[in-house]
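Scroll down for the structure; my scribbles are underneath it.
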Amino acid sequence: MSYRTSRRENNYRAYPASPEQPIATGAIAVLDEQGRAVPGATGTGLIAVGIVERSTPLSDDTVKVRRGCFLVNNSAGADELTHTHIGHRCYLVDDHTVAATDGADTRSPAGIVDGIDENGGVWVLIDPTSGVYATA
């Protein structure tokens, strides 16, 4: 027996851009309170949606974001991610750095740690539909 299972490529999304907060190509994008794509930052209530594939001029009204697994910078000290964090949440520090902790309830989830590279960078699954925002 076999099934005809349909699939779709669903890696890209377009989000409204924020003219007040330009966002760079390659940055972690989060949604602000108005549902606009802005650069990742320390703060609560942010939803990481992916990496900016194409930043736009301020005259354009959308930004193209790709969800998936991306290599980003690792935090340091007590917030440094290691191989023991694989499969666990990591948290936004800025638009290119993640940390092991939520910074005493000051950081939003960035995604799920998928690996640590040989230089200490962090592979992170950034996808708002991954369950990273679910609470136990």
Handout entry: Listed residue (Asn119, Ile86, Ala104) projecting farthest to the positive dipole end of the chain, Cβ model
Key = Ile86
Problem - Normalised per residue, the volume of the convex hull around the Cα set of the chain (Å³) - result: 146 Å³
Problem - Dipole moment magnitude, nearest 20 debye, the stretch 40-101 about Cα centre, only Lys, Arg, Asp, Glu C-beta charged - result: 240 debye
Fill in the blank from the handout: Here the gain from full extension of Ile86 to Ala24, 0.36 nm per residue of separation minus their alpha-carbon distance, amounts to 19.6 nm
Handout entry: Heavy-atom accessible surface of the stretch 1-114: percent carbon and sulfur, 1.4 Å
Key = 50 percent
Completion exercise
For the Glu118, Thr44 Cβ pair and Förster radius 41 Å, calculated FRET efficiency rounded to 0.05 is 0.80
Exercise for the section: Treating only the Cβ atoms of Lys and Arg (+1) and Asp and Glu (-1) as charged, compute the dipole magnitude of the chain about its Cα centre; round to the nearest 20 debye. Expected result: 700 debye
Problem - Accessible solvent surface per residue of the chain, calculated while the other protein chains remain in place, 1.4 angstrom probe, Å² - result: 57 Å²
Practice task
Springs between alpha-carbon atoms under 10 Å, Gaussian network over the chain: tell me which of Ala110, Ala17, Ala48 tops the mean-square fluctuations.
Solution key: Ala17
Handout entry: For the stretch 54-136, share of DSSP beta bridges that run antiparallel, in % to the nearest 5
Key = 90 percent
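The values are calculated or read from the model by the stated rules, or taken from the named source; none is laboratory data. Only a predicted model underlies this, so the values are computations on that prediction, with no experimental measurement involved. No Cβ is skipped: glycine too gets one built from the backbone with ideal geometry, and neighbour counts run over all protein chains shown. Each accessible area value is taken on the protein alone, full model and side chains, heavy atoms only, with ligands, DNA and RNA left out. Shrake-Rupley method; radii C 1.70, N 1.55, O 1.52, S 1.80 Å.
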